[in-house]
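**Student:** Structure provided below as structure tokens; questions to follow.
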Protein chains: 2
Amino acid sequence: MRERTGLDVFFAPRGVAVVGATPNELKGGYSIIANMLESFAGPVYPVNPGRDEVLGVKCYRSVRELAGKADMAIVFVPAASVPGVLEDCAAAGVKAAVLESGGFAEVGEEGKRIEAACREIAARTGLRLWGPNCTGLVNTDPFIFTPFMRVPNVHERLKPGTLGIIAQSGMLAAGFMLQYVISGYFTVSKACAIGNKMDVDEVEVLRYMSSDPKTKAVVAYLESIVDGRAFLEVTREMAGRKPLVVLKGGRYEESARAALSHTASMAGSDEVVDGALRQSGVIRVDDFQELMNLGKAFSIHPEPFRLSTPGGDCVAVVTVTGGGGVVLTDLLRAAGLKVPALEQRTLDFLRREVFPDWMAPSNPVDIWPAIEQRGFAAFGDSIKAVLADERVDGVILLPFASRMIEYFPFEEIGEAVRESGKAMVSWMFGDLRYFDTMEERLRGFGIPVYNDLHSCVLAMKSYLCFSRKARERDE
Amino acid sequence: MRERTGLDVFFAPRGVAVVGATPNELKGGYSIIANMLESFAGPVYPVNPGRDEVLGVKCYRSVRELAGKADMAIVFVPAASVPGVLEDCAAAGVKAAVLESGGFAEVGEEGKRIEAACREIAARTGLRLWGPNCTGLVNTDPFIFTPFMRVPNVHERLKPGTLGIIAQSGMLAAGFMLQYVISGYFTVSKACAIGNKMDVDEVEVLRYMSSDPKTKAVVAYLESIVDGRAFLEVTREMAGRKPLVVLKGGRYEESARAALSHTASMAGSDEVVDGALRQSGVIRVDDFQELMNLGKAFSIHPEPFRLSTPGGDCVAVVTVTGGGGVVLTDLLRAAGLKVPALEQRTLDFLRREVFPDWMAPSNPVDIWPAIEQRGFAAFGDSIKAVLADERVDGVILLPFASRMIEYFPFEEIGEAVRESGKAMVSWMFGDLRYFDTMEERLRGFGIPVYNDLHSCVLAMKSYLCFSRKARERDE
């Protein structure tokens, strides 16, 4: 077996063959070639034996005609034809192939035989394989977008960012995660759908992201972890250095069985998986939405925060709604976080400078009466005081979006957060028309915004958890 | 003490005095009078001793000038002035006053004295009091909207519906819940912010909603339950007849303390509250978003569903994403629901008529390969078969929103759901441009749609829980 090429050729190929390219808009092969022609900076070569040209570009009958031109191939043809295509790739000097077609091990014996043939070719020739049964990969710098979903002007819509995404499931990566990437919920460095993991697997992609300077944090959806020891090794390597969030399906017998039929992989004993993940500082979540919400949190702020308490788990709440403060406190406590009493000097300041006479400050800091009396300056002053409190590791804001947004002390909050080095997360409620402005302003200061309190708590808990790992690492 | 008037006069007054009406757009008294003049069908009388007219309408110096004209008053003046206003109301024959001002028991001793004075007037005169420290109430038929937030053309925007909402917290009711009501997340019959509950309390409002034919389900945010026995009585009365969802803040010491300072009420021992709620069939949630999501579920389908299993807790999943099925199964199991094996005849049908040869059907029913082979008819056929399965009480769909939506068998699904009488909930992912159409179509068949799996599970669990209570009641 020859020395294996690394993953660089997938993320930054010089020339790309698209096998299965077609002008039929109903086919995935159309979306791939259309996206690639529009967005990839280097040469793109349609390959389809039945066409002379595709979308106005010369079409090749076989990858063999592309010797010396393409170093990567995207393959979207029926499974049975794939081994032949891979032989062609190897013969033409192609180093890496992204197999997006389904119909492999997940469909039974015949598929397994095809998969074995592909593996044999890869072992013999050194050709690296990505997939099959997946949407491939996205890199925002340099730009490449392989998924079989049409996204016009995708290179203009996906701004480079620092989040790495790994997903095992094709439809989900294609549909759900891409929906978030494309809608700007976060900006990514690389998004990888690894499918059946015939060759490139989650460990290799994670290792790549771990040492990729453009990737500062990673969120991953996995159905199986093939090599537990190697996985553990890379996650330990990342602990406290790059945040890693994992959604691992198949916790129960019923779901583990479903995972088996879906990507032909054993889910593994969940207790073992869970223990290992926890040990190595991985943040584990249960729903795709949670994974996306932490993707947003760590794409906005991937670095560790300063912790001022020994436990690093103390949260203050600054709220315009007393009721919101009550419910948020319940959720924080239920999540294992503390809602501590504030320092005396903080309370003295709030009582003296911010609160109305009749009102005794406490945590949650309910500032609506102070705002009614003193205007929005009360908000900024409270936040500054609470961030400076050494009993507090992070602050959750509950502001109110309204036409009063112009009086909201964004700059002051941003500066206070930056100076304190502490974590801040914000809820948002009120008038929908002001949500975007509010979110954008706060995001600019490293403050993620969510519409539900549960997500605020999850983001804060994860920020503090990662920051504790970073502190341990430094010690 | 005189016989107390019921709540009808609040929900359907003949004439309304707005005390504290002002043309100053920065004040709540402006929003109230502007909303009322625009949306209330009967006469509205601005009251403000410093004005001759407000928004072009004659302004009165005192409610006393309105004898025989107004039977209800909305009061938004400083707390200290409220007792005088209430004497005026009683003298003018006003039956009910909505007190929206803050500055009562929640602000300390002086506020408590004012509150005592108000109670004394109410006891002596029979005047009913709503609030204080709240946004009042909304009724969609006949229309009345008292909150101190300006919502232009509110009567055209709030379509009559069947959901009742109760909220103790002013800002939340004003901001958060109104945001959902106004954005059409659900349609309501009545929305009630009860604030400090000086007179009208959650039990009386619940009783009213329990016997109100226009209200088919109720969601409530409560910080305190003053009379546990009476509360339990009305919730038992509703159990299995009208769904009741409660978010009760103050589970922990820290949050109970915060609730005390916020609405001057004891939160009560949470174990007692929790046990009582469970016993009487109340569905309890932990976050405002959950409350709103169940509001959506029960506003779309308030009636019980047909259960076919003895446990009434068996859920099937029909999904275009294998990975989504795996994670959803985890969440269903974690929520205490079952994901049963399907009946042999269902499996036989799926194998014979729907699935590709190589694929063995099971629950979750992963239909993407079948759709690829047979088109969207596979979706409709699978759903019909699974709904007819007697081992299944409810079905969660995981469809994909895309330009293929025109091939989606909405009518077929709608008919199958109607015929089976079973609960159905849908996730949504994919292309954002098609979300609204998809949601609207499914909603029309009594199928609520959510963007996260957790909410799908919560809605299904709550549908089945209520349906079991209804079955028990019928037995």
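The values are calculated or read from the model by the stated rules, or taken from the named source; none is laboratory data. Worth saying up front: this structure is predicted, and the values here are computed from it rather than measured. Glycine also receives a Cβ, built like all others from the backbone with ideal geometry; neighbour counts cover every protein chain displayed.
Quick grid of which residues meet (1) of a type in the set (D, E, K, R); (2) out of contact with any Pro (no Cβ under 9 Å at 6 or more places or on another chain):
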residue: B:Gly430; (1), (2): no, no
residue: B:Arg433; (1), (2): yes, yes
residue: B:Met438; (1), (2): no, no
residue: B:Ile447; (1), (2): no, yes
residue: B:Ser455; (1), (2): no, no
residue: B:Ser467; (1), (2): no, no
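**Student:** Shifting gears a bit: Mind checking which residues of the range B:314-348 are more than 10 Å from chain A (Cβ to nearest Cβ) and touching a Lys or Arg at 6+ places or on another chain (Cβ under 9 Å)? First the steps, then the outcome.
**Tutor:** Taking the range B:314-348 first, the residues more than 10 Å from chain A (Cβ to nearest Cβ) are B:314-316, B:318, B:335-337, B:342-348.
B:Cys314, B:Val315, B:Ala316, B:Ala335, B:Gly336, B:Leu337, B:Leu342, B:Glu343, B:Thr346, listed by residue number.
**Student:** Would you say A:Phe435 is away from every other protein chain (no Cβ under 14 Å), closer than 25 Å to B:Phe288 by Cβ and at pLDDT below 95?
**Tutor:** No, not satisfied.
**Student:** Looking at the range B:349-363, which of its residues are more than 8 Å from chain A (Cβ to nearest Cβ) and either over 20 Å from B:Asp389 (Cα atoms) or of a type in the set (Val, Ile, Thr) (or both)?
**Tutor:** Matches in the range B:349-363: B:Val354, B:Asp357.
**Student:** Do any strands (runs of 3 or more DSSP E) lying entirely in the range A:35-136 carry at least 1 residues that are within 22 Å of A:Glu204 (Cβ to Cβ), in contact with a helix residue (DSSP H, G or I) (Cβ under 6 Å, 6 or more places away or on another chain) and in contact (Cβ under 8 Å) with a residue 40 or more places away in the chain, and which ones are they?
**Tutor:** Working: elements: A:44-47, A:72-75, A:96-99, A:128-130.
The strands (runs of 3 or more DSSP E) meeting that bar are A:72-75, A:96-99, A:128-130.
**Student:** While we're looking at this one, here's another question. Read through the list (1) within 11 Å of chain B (Cβ to nearest Cβ); (2) more than 21 Å from B:Gly28 (Cα to Cα), then give the number of the only condition that A:Val386 fails.
**Tutor:** Failed condition: (1).
**Student:** Taking the range A:406-423, which residues are crowded, with 22+ Cβ neighbours inside 10 Å and either of a type in the set (Lys, Arg) or free of Cβ contacts under 8 Å to residues at least 40 places away in the same chain (or both)?
**Tutor:** Step one: list which residues in the range A:406-423 are crowded, with 22+ Cβ neighbours inside 10 Å, which gives A:413, A:416-417, A:422-423.
If the condition is that a residue be crowded, with 22+ Cβ neighbours inside 10 Å and either of a type in the set (Lys, Arg) or free of Cβ contacts under 8 Å to residues at least 40 places away in the same chain (or both), then A:Ile413, A:Ala416, A:Val417, A:Lys422 are the ones that fit.
**Student:** Taking the condition away from chain A (no Cβ under 11 Å) and in contact with a helix residue (DSSP H, G or I) (Cβ under 8 Å, 6 or more places away or on another chain), does B:Lys190 pass?
**Tutor:** Yes, satisfied.
Okay, residues lined up against (1) buried (at least 24 other Cβ atoms within 10 Å of the Cβ); (2) touching a residue at least 24 places away in the same chain (Cβ under 8 Å); (3) over 21 Å from the mean Cα position of the chain (by Cα); (4) under 29 Å from A:Gly249 (Cα atoms):
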position: B:Met238; (1), (2), (3), (4): no, yes, no, no
position: B:Ala258; (1), (2), (3), (4): yes, no, yes, no
position: B:Gly275; (1), (2), (3), (4): no, no, yes, no
position: B:Val285; (1), (2), (3), (4): no, yes, no, yes
position: B:Met292; (1), (2), (3), (4): yes, yes, no, yes
position: B:Leu307; (1), (2), (3), (4): no, yes, yes, yes
position: B:Gly325; (1), (2), (3), (4): yes, yes, yes, yes
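**Student:** Have a look at A:Val63, A:Val57 and point out the one that is crowded, with 21+ Cβ neighbours inside 10 Å and at pLDDT 95 or above. Walk me through it before giving the result.
**Tutor:** Details: A:Val57 fails: crowded, with 21+ Cβ neighbours inside 10 Å.
Being crowded, with 21+ Cβ neighbours inside 10 Å and at pLDDT 95 or above holds for just one of A:Val63, A:Val57, which is A:Val63.
**Student:** Considering each residue of the range B:157-175, count those that are among the β-branched types (Val, Ile, Thr) and either under 25 Å from B:Leu99 (Cβ atoms) or at pLDDT below 95 (or both), and give that number.
**Tutor:** 2
**Student:** Would a scan of the range A:172-190 turn up a residue that is farther than 18 Å from A:Leu294 by Cα and in a loop (DSSP other than H, G, I, E, B)?
**Tutor:** no
**Student:** Name the helices (runs of 4 or more DSSP H) wholly inside the range A:254-344 in which the number of residues that are modelled with pLDDT of 95 or more and in the same structural domain as A:Lys384 (by TED's automatic domain parsing) is 3 or more.
**Tutor:** A:322-334
**Student:** Here is a further query. Considering (1) within 14 Å of chain A (Cβ to nearest Cβ); (2) more than 14 Å from the chain's Cα centre (by Cα); (3) of a type outside the set (Phe, Trp, Tyr); (4) not in a loop (DSSP other than H, G, I, E, B), say which one B:Ser224 fails and leave the rest.
**Tutor:** (4)
**Student:** Which of (1) among the hydrophobic types (A, V, I, L, M, F, W, C); (2) within 14 Å of another protein chain (Cβ to nearest Cβ); (3) in a helix (DSSP H, G or I) does A:Ile396 not meet, given it meets every other one?
**Tutor:** (3)
Here is a yes/no grid of residues against (1) surrounded by 20 or more Cβ atoms within 10 Å (Cβ to Cβ); (2) assigned to a helix (DSSP H, G or I); (3) in contact (Cβ under 8 Å) with a residue 12 or more places away in the chain:
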{"site": "A:Pro152", "(1), (2), (3)": "no, no, yes"}
{"site": "A:Glu156", "(1), (2), (3)": "no, yes, no"}
{"site": "A:Ile166", "(1), (2), (3)": "yes, no, yes"}
{"site": "A:Gly195", "(1), (2), (3)": "yes, no, yes"}
{"site": "A:Asp199", "(1), (2), (3)": "yes, no, yes"}
{"site": "A:Tyr208", "(1), (2), (3)": "yes, yes, yes"}
{"site": "A:Thr215", "(1), (2), (3)": "yes, no, yes"}
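**Student:** Can I ask one more? Considering only residues that are surrounded by 21 or more Cβ atoms within 10 Å (Cβ to Cβ) and aliphatic (A, V, I, L, M), which ones fall in the range B:80-104?
**Tutor:** B:Val82, B:Val85, B:Leu86, B:Val94, B:Ala96, B:Ala97, B:Val98, B:Leu99
**Student:** From the list B:Glu233, B:Glu223, which one is surrounded by fewer than 24 Cβ atoms within 10 Å (Cβ to Cβ) and at pLDDT below 95?
**Tutor:** B:Glu233
**Student:** Can we say A:Phe11 is out of contact with any strand residue (DSSP E or B) (no Cβ under 6 Å at 6 or more places or on another chain), buried (at least 17 other Cβ atoms within 10 Å of the Cβ) and either more than 29 Å from A:Tyr208 (Cα to Cα) or aromatic (Phe, Trp, Tyr) (or both)? Give the steps one after another, and end with the answer.
**Tutor:** Numbers: out of contact with any strand residue (DSSP E or B) (no Cβ under 6 Å at 6 or more places or on another chain): no; buried (at least 17 other Cβ atoms within 10 Å of the Cβ): yes; either more than 29 Å from A:Tyr208 (Cα to Cα) or aromatic (Phe, Trp, Tyr) (or both): yes.
It is false that A:Phe11 is out of contact with any strand residue (DSSP E or B) (no Cβ under 6 Å at 6 or more places or on another chain), buried (at least 17 other Cβ atoms within 10 Å of the Cβ) and either more than 29 Å from A:Tyr208 (Cα to Cα) or aromatic (Phe, Trp, Tyr) (or both).
**Student:** Let me ask something else about it. Just checking, does the range A:431-449 include any residue being part of a helix (DSSP H, G or I), out of contact with any strand residue (DSSP E or B) (no Cβ under 8 Å at 6 or more places or on another chain) and among the small types (Gly, Ala, Ser)?
**Tutor:** There is no residue in the range A:431-449 that is part of a helix (DSSP H, G or I), out of contact with any strand residue (DSSP E or B) (no Cβ under 8 Å at 6 or more places or on another chain) and among the small types (Gly, Ala, Ser).
**Student:** Is it true that some residue in the range B:346-366 is more than 30 Å from A:Lys27 (Cα to Cα), in the same structural domain as B:Glu415 (by TED's automatic domain parsing) and crowded, with 21+ Cβ neighbours inside 10 Å?
**Tutor:** So far as the range B:346-366 goes, yes, one or more of its residues are more than 30 Å from A:Lys27 (Cα to Cα), in the same structural domain as B:Glu415 (by TED's automatic domain parsing) and crowded, with 21+ Cβ neighbours inside 10 Å.
**Student:** Among (1) of a type outside the set (Gly, Ala, Ser); (2) part of a helix (DSSP H, G or I); (3) within 14 Å of chain A (Cβ to nearest Cβ); (4) crowded, with 18+ Cβ neighbours inside 10 Å, which single condition is B:Glu372 missing?
**Tutor:** Unmet for B:Glu372, out of (1) of a type outside the set (Gly, Ala, Ser); (2) part of a helix (DSSP H, G or I); (3) within 14 Å of chain A (Cβ to nearest Cβ); (4) crowded, with 18+ Cβ neighbours inside 10 Å: (4).
**Student:** Of the residues that make up the range B:82-99, is at least one at pLDDT below 95 and of a type outside the set (Val, Ile, Thr)? Steps first, please.
**Tutor:** As a first pass, look at the range B:82-99 and keep what is at pLDDT below 95: none.
No - not one qualifying residue is present in the range B:82-99.
**Student:** Now a separate question. Please enumerate the residues belonging to the range B:435-450 that are of a type outside the set (Asp, Glu) and more than 22 Å from B:Arg374 (Cα to Cα). Lay out the reasoning, then the answer.
**Tutor:** Taking the range B:435-450 and keeping what is of a type outside the set (Asp, Glu), we get B:435, B:437-438, B:441-450.
Once the filter is applied, which keeps residues that are of a type outside the set (Asp, Glu) and more than 22 Å from B:Arg374 (Cα to Cα), the range B:435-450 yields B:Phe435, B:Thr437, B:Arg441, B:Leu442, B:Arg443, B:Gly444, B:Phe445, B:Gly446, B:Ile447, B:Pro448, B:Val449, B:Tyr450.
**Student:** Could you tell me whether B:Val18 is crowded, with 20+ Cβ neighbours inside 10 Å and in contact (Cβ under 8 Å) with a residue 24 or more places away in the chain?
**Tutor:** Criteria met by B:Val18.
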